[in-house]
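Report on the structure given below.
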Amino acid sequence: MVSEARIGVCYGSMALFLSILHNVFLLYHVDVFVSVYHIDKTSFWIGETIFLVWNSLNDPLFGWLSDRSLLNSNKASSRFGAQPELVTKRLWALTVNGPLFALSFMLFWFVWSFPGLQFAVVLCLYDGFLTAVDLHHTALLADLALSAKDRTKLNGYSSFFSAAGSLSVFLSYVVWDRDNMQSFQIFCFVLATFSALGFFFVSRYLSRQYRDVRKKDDEMTSVASVEPQDDNTKAAGEDEVTIKHYVKQLSKHSNFQYFAVLNLVQVFNCHFNSNFFPLFLERLLGRALSPGMGSLLIGASFVIPHLNNLYFLSLCRKYSVYTVIKWLFYCKCLLSAFMLFAGPNNLWLLCAFIASNRVFTEGTCKLLNLVISDLVDEDCVIHRRKQAVSALVFGTAALLSKPGQTIAPLLGTTLLAMQTGHDLFQSNSGNSLRAVDSALSKEETELVRLGCFHCLVYIPLLCAIVQILLWTKFTLRGSRLDWIKRVRAGDMHVFTHV
């Protein structure tokens with residue numbers, strides 16, 4: 001039991017090593033290249049386009065490289081949801097890719113090439129190692145546990161440690177200075193070193209703990225080691241599954257298709273909020289909030305979703321993941337509609353909306369990995385696989401959703417320019433969206449505020465409406481989900497303690 005608890009702690013702590021770097025990346029990488037390195041608009045768009053292609057392709061590529069052998073495997077899953085060799089392989093990948101992810105993070109904060117070239121190269125390197133780390137970490141959610149209860153426990157560990165990792169956002173404001181980057185560079189070096197060492201040692205320790213638990217389990221269940229085998233299942237397992245065959249299978253997986261579109265909208269919404277959160281504070285609440293309060297609000301908006309997710313997970317255990325996500329979509333829709341009618345002049349109501357919008361949006365993102373884990377189970381059952389291909393399903397889901405990560409800053413800057421009449425990239429002219437109020441007339445200032453308000457409110461409102469419509473089509477819930485779990489558990493004992 002102690003070893004099983006340690007597995008949960010180790011699994012969750014890897015979310016800490018990832019989030020302390022990724023949150024800093026989300027807040028500062030665009031600002032650094034636009035305001036410090038002075039990248040031009042053309043280079044920015046070219047870099048984002050290259051990133052869009054690579055960001056979309058690397059998830060299914062890494063997933064295929066990781067799990068292609070499992071498509072033709074005749075080995076059945078264990079009570080943990082995966083063969084021990086597969087879990088050990090994923091942990092070894094984290095041992096290697098975790099430190100490399102930390103190293104790629106450092107390349108953002110030091111000038112070593114032309115801004116346009118550096119932007120494209122470091123984005124692709126960073127996202128490549130981020131994908132490798134995130135893909136294997138999220139795949140372990142499906143590999144280490146089978147039941148919804150156990151997966152919500154593991155997700156709870158991740159949420160707790162992710163909240164702790166979000167504290168790096170608070171600390172970053174102490175050292176952030178566009179005119180003197182030295183303190184910020186030292187801060188990032190310390191974060192990267194801590195993250196690299198953490199990934200290396202915790203991955204190795206988790207591997208040992210997992211083997212200990214498996215050894216005890218094998219000793220207890222060695223008597224009942226005979227596996228039932230169905231002739232049809234065996235035949236299906238012996239058929240060679242190519243990438244073309246796998247894509248054809250997914251094309252008939254309706255729940256996966258509905259989820260993929262929904263997740264694309266969710267990723268876009270999350271990154272739109274993150275990329276333009278400081279700008280909305282500056283343009284909509286600048287007069288009402290001191291710099292310290294603004295920093296506190298941004299930092300809290302990164303921490304609260306993780307803590308709030310612990311409550312959402314408890315609701316998931318009580319009411320189901322599907323129901324909780326449905327009501328989160330309704331909350332986002334109702335809050336946006338209410339704010340639209342309230343208007344931009346109630347500053348404290350606006351402040352509460354900006355923060356709550358991130359909480360509900362990010363809270364939904366944290367729960368979607370549980371849905372993908374259920375899709376892993378459904379894919380395993382409906383295609384009669386001997387072994388679930390969790391990394392491949394997670395990677396394919398990311399292929400269809402990751403474009404939202406690039407669309408958010410590109411579409412966001414375009415919409416803001418259309419709504420406000422000011423370009424975010426013209427940082428040295430009076431036409432800049434970042435221009436001080438003294439450089440604008442009263443009418444122009446109000447136009448900028450109204451344009452930012454429209455983008456802030458309409459984006460989550462439209463996203464919520466689309467997601468509610470898609471979520472009603474998703475049938476992997478209730479009796480259907482219970483049946484999938486029973487079929488998967490038919491050849492294994494459920495991992496009941498984490």
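Summary table
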{"read-out": "Per-region count, the stretch 242-275, residues open to solvent by less than 40 Å² (accessible area, probe 1.4 Å) and under 15 Å from ILE372 (Cα atoms)", "value": "10"}
{"read-out": "Within the stretch 14-52, considering residues that are over 30 Å from ASN180 (Cβ atoms) and in contact with a Leu (Cβ under 9 Å, 6 or more places away or on another chain), the one surrounded by the fewest Cβ atoms within 10 Å (Cβ to Cβ)", "value": "THR49"}
{"read-out": "All positions within the stretch 299-348 that are farther than 16 Å from VAL457 by Cβ, open to solvent by 80 Å² or more (accessible area, probe 1.4 Å) and free of Cβ contacts under 8 Å to residues at least 40 places away in the same chain", "value": "TYR311, LYS318, TYR319, TRP327"}
{"read-out": "Residue list for the stretch 359-379, filter: out of contact with any Phe, Trp or Tyr (no Cβ under 7 Å at 6 or more places or on another chain), among the hydrophobic types (A, V, I, L, M, F, W, C) and open to solvent by less than 10 Å² (accessible area, probe 1.4 Å)", "value": "LEU368, LEU370, VAL376"}
{"read-out": "Qualifying residue in the stretch 59-82 (condition: open to solvent by less than 40 Å² (accessible area, probe 1.4 Å), under 30 Å from VAL303 (Cβ atoms), touching a Ser or Thr at 6+ places or on another chain (Cβ under 9 Å) and at pLDDT below 80)", "value": "yes"}
{"read-out": "Residue in the stretch 104-115 that is touching a residue at least 12 places away in the same chain (Cβ under 8 Å), more than 27 Å from GLY47 (Cβ to Cβ) and assigned to a loop (DSSP other than H, G, I, E, B) present", "value": "no"}
{"read-out": "Test result for ARG477, open to solvent by 30 Å² or more (accessible area, probe 1.4 Å), at pLDDT 85 or above, among the basic types (Lys, Arg) and farther than 30 Å from ASN346 by Cβ", "value": "yes"}
{"read-out": "Test: residue in the stretch 420-435 that is at pLDDT 70 or above, of a type outside the set (Gly, Ala, Ser) and crowded, with 20+ Cβ neighbours inside 10 Å", "value": "yes"}
{"read-out": "Yes/no for VAL24 being over 17 Å from LEU411 (Cα atoms), modelled with pLDDT of 85 or more and aliphatic (A, V, I, L, M)", "value": "yes"}
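The values are calculated or read from the model by the stated rules, or taken from the named source; none is laboratory data. Please read all numbers here as calculations on a predicted model, not as lab measurements. Cβ atoms come from the backbone with ideal geometry, glycine included; neighbour counts cover every protein chain shown. For the accessible areas, the whole protein counts, side chains as well, though only heavy atoms, and no ligand, DNA or RNA atoms are used. Shrake-Rupley method; radii C 1.70, N 1.55, O 1.52, S 1.80 Å.
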